[in-house]
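See below for the structure under consideration.
The values are calculated or read from the model by the stated rules, or taken from the named source; none is laboratory data. Because the structure is predicted, anything quoted here is derived from the model rather than measured. As a convention, Cβ positions derive from the backbone with ideal geometry for all residues, glycine included, and neighbour counts pool all protein chains shown. Only protein heavy atoms, including side chains, enter the accessible area calculation; ligands, DNA and RNA are left aside. Shrake-Rupley method; radii C 1.70, N 1.55, O 1.52, S 1.80 Å.
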Amino acid sequence: MKASPLFVQIVLDKPLAQGFDYIWDSQKLGTDPVIGQIVSVPFGNSINIGVIVKVNTHSEIEQSKLKAVLGLAPLPPLDSALLSLMNFASQYYIHSLGETIIPSIPQMWRKPERWEKLRLAKPSTDKKSKQNDLASDSEQLIGVAQLNSEQKNALDILLQKKGSEGFRAILLQGQTGSGKTAVFLNWLASVLQEKNSQVLLLVPEINLTPQLERRIRAYFPDKKIALLHSGVSEKQRGISWHEAMIGDAQIILGTRLAVLTPMPNLRAIVVDEEHDPSYKQQEGTRYSARDLAIWRAHDQGLPILLASATPSLETWMAAKVGRYEHIRLDSRAQGASLPKVHLVNTQDPQNRSSHSPLFTKIVEGAITKCLSEKKQSLILINRRGYAPVISCSACSWMSKCAQCSSCMVMHKAGALSKKTVLSCHHCGLVKPMPNFCPDCGNADLKPVGQGTQKIEDVIEGAWPQATVLRVDTDSSRRSKGAEELFQKIHEGDVDIVVGTQMIAKGHDYQNIGTVAVLDADSRLYSQDFRAAERLFAQLIQVAGRAGRSKQHDQASGDIYIETQHPDAAVFQYLLRHDVDGFLSFTAKEREESGLPPFSYQGLIHAEGKSIAKAIQFLSDLKSQLTERGLVHKGVKIYDPVPKTIMRVAGSERAQLLIESNSRKHLQELLEAIDHLLRQDSQGRISKASRIRWLIERDPIAI
Ligand code: ADP
Ligand code: ZN
Ligand code: ZN
């Protein structure tokens, strides 16, 4: 151990670009400093955790002014591959390194007061046997021998060694049920044959992990799996992360945050449903886990597989131009054919049902037929609650939220609350349902529009003999959550399922005859240029829930889409299940209007007490950028605008969109903006106007 004092530079979870110098006392700490080590340090009046990014023999700052590192986490240092990823993410997403690293460390390891206890704790090693009891026998294990010829071909391509550089990005595109999962699990099995190797499997949603987890346990009975998503307890997340970090877990299965896990022996990455918007982190460092996974694979020289039935335009185009390899599966693995798509025009008076304004006769007939054939129906409506707004029949009062520029949603009494309430889905405010109009005293308050609860009611009334199950974030919040509800569907205890997009994804249901999408238009006409792309992906996904039966004699299922605009391109391509056609069409549209992926975007968010101030703040920024000559040719700065939901929880919000045909110019400009704004800010709050600002790279919601 060295006798002369050492200095370390440490990054903290603070929006400050550089790290802070501290003294390192090797004697007292019992070891020399190592880059990547997680430590505790005094900062202001509190103890913070930080990560060592530099070790120096001197400091620019006078030694008497420096404080000393207090303690070390009982963990190995974060490895250089992970730090390299963090550095990239920090630069690319314009957040400090500390803000990027520290939140990625599980809570359990972020509490220095517990480190001593954790140091002494014996790592539990009996987990493996316990885990494997959970593997369900019913889980179908499709080994290499059972793969169909298309799948085998896909696997062969994956197993080929290409070049000496290990990096490969492969898009595995195949309709839902075409056997993509079976292909990549067999691929991972072969990767995992190498001793101690690790693989990362990213999934978009925690609701999808239990089913995949069971499948993985069936495939890999002797491998340890680390689960990393918000559905596992903080403690378990801490344990899983540690197991991944020390190389003890071979399979790391998780949602977006898992991409930032230290994995010393990482050999392959799979991003399932790569198009899913939930890969984008929407707070803090607003990273895209898919994009970071690709960067990580590139940096570490690894293969990465992106799987989807409806690839994102970005990925699909990369495959088209040959930047990624493109493997396709075109038939459904078990021989079942794709469901038949029916577009139901709700404008047509002939289609209206006498039963309820919410259903067309056609959908009603399909549900009745399904019931008589003992098949399940799935009704999708993208809105939870009973009604999105209530209004007074005498005056113009509507249930507006006091804190937001949006309406409060009526929720009928149920598991969540004993009484009927109004709830704001933006700020969380909950109020009792008024008995009278607060403006005029009229007692006739009418729910307007429909949500899952209302549809559930209507269905129960129309088919009293049927068992109806509602699946949305409200009904899944209690007890075991969504998993329990999905289990009921799998076990056939339910005739009709009503749900939000939660039911649309990934689940391998076996007995769905009819899928009906109510009010499909609600998501089509939004300001966001990605609205049609998202709707298309969702409809293909939900259509894929029908007709997955293993019995070959079963019909393929039907999907009914209720719309006022059956001629819209998105529905016409859906009618033919033409994913590539839709993507080509969308690509052309985007190219003509210069939108991503034909350009690159950044978004400056501003929020404060008044929208006028937020807009002013952004206008000032825009003029400063132009005055200082920071805006390259080919970079377009739009005018600041209020956000779609302008007011949330009392804050008023605006945004400034920046678009560029050059990645580099955009990056330079965003960095310059960061620099400029920081000069007059404390953290990310402007000192003069008290506006809170944030820079976002590659926004997905505009
Ligand atoms: P995807 O991931 O494309 O949706 P999966 O891999 O989940 O498809 O396969 C869909 C269903 O078909 C699953 O129930 C799976 O067990 C089954 N399956 C996959 N491949 C085969 C195969 N070669 N033979 C029989 N069944 C298969
Ligand atoms: Zn009124
Ligand atoms: Zn609100």
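Observations on the model:
- In the range 413-422, the residue that is most open to solvent (accessible area, probe 1.4 Å) out of those that are within 31 Å of the chain's Cα centre (by Cα) and at pLDDT below 90 is LEU416.
- Any chance GLN140 is out of contact with any strand residue (DSSP E or B) (no Cβ under 8 Å at 6 or more places or on another chain), within 9 Å of ligand 1 (Cβ to nearest atom), modelled with pLDDT of 80 or more and open to solvent by 50 Å² or more (accessible area, probe 1.4 Å): no
- Residue count for the range 594-627, restricted to those that are open to solvent by 50 Å² or more (accessible area, probe 1.4 Å) and touching a residue at least 40 places away in the same chain (Cβ under 8 Å): 7
- Scanning the range 423-437 for residues that are under 21 Å from SER476 (Cβ atoms) and either open to solvent by 80 Å² or more (accessible area, probe 1.4 Å) or at pLDDT 95 or above (or both) turns up HIS426, VAL430.
- Residue selected from the range 392-401 under the condition closer than 13 Å to VAL448 by Cα and open to solvent by less than 70 Å² (accessible area, probe 1.4 Å), by the criterion farthest from ligand 2 (Cβ to nearest atom): SER399
- On inspection, VAL448 does not qualify as within 13 Å of ligand 3 (Cβ to nearest atom), in contact (Cβ under 8 Å) with a residue 24 or more places away in the chain and within 22 Å of SER356 (Cα to Cα).
- Boolean, LEU82 is out of contact with any Phe, Trp or Tyr (no Cβ under 9 Å at 6 or more places or on another chain), buried (at least 20 other Cβ atoms within 10 Å of the Cβ) and at pLDDT 90 or above: yes
- Residues of the range 14-39 that are in contact (Cβ under 8 Å) with a residue 60 or more places away in the chain and buried (at least 20 other Cβ atoms within 10 Å of the Cβ): GLY19, ILE38.
- If only residues of the range 445-462 that are open to solvent by less than 40 Å² (accessible area, probe 1.4 Å), of a type outside the set (Gly, Ala, Ser) and over 17 Å from SER522 (Cα atoms) are counted, the one that is farthest from the chain's Cα centre (by Cα) is LEU445.
- Scan of the range 284-304 for residues that are closer than 15 Å to GLN198 by Cβ and out of contact with any Asp or Glu (no Cβ under 8 Å at 6 or more places or on another chain), ordered by number: ALA293, ARG296, ALA297, GLN300, LEU302, PRO303, ILE304
Conditions tested, residue by residue: (1) touching a helix residue (DSSP H, G or I) at 6+ places or on another chain (Cβ under 9 Å); (2) over 21 Å from ARG534 (Cβ atoms).
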| site | (1), (2) |
| --- | --- |
| THR315 | yes, no |
| ALA319 | no, no |
| ALA333 | yes, yes |
| LEU343 | yes, no |
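- Annotation note: of GLN679, GLN667, the sole residue that is without any contact (Cβ under 8 Å) to a residue 12 or more places away in the chain and more than 16 Å from ligand 1 (Cβ to nearest atom) is GLN679.
- Applying the criterion of at least 1 residues that are more than 16 Å from ligand 2 (Cβ to nearest atom) to the strands (runs of 3 or more DSSP E) found wholly in the range 402-471 leaves 409-411, 421-423, 430-432, 468-471.
- Matching entry among ILE362, ILE381 (being open to solvent by less than 30 Å² (accessible area, probe 1.4 Å) and within 30 Å of VAL341 (Cα to Cα)): ILE381
- Unique match (being open to solvent by less than 10 Å² (accessible area, probe 1.4 Å), aliphatic (A, V, I, L, M) and under 26 Å from LEU155 (Cβ atoms)) among LEU292, LEU228, LEU306: LEU306
- Subset of the range 231-263 (residues that are within 16 Å of LEU292 (Cα to Cα) and surrounded by fewer than 20 Cβ atoms within 10 Å (Cβ to Cβ)): LEU257
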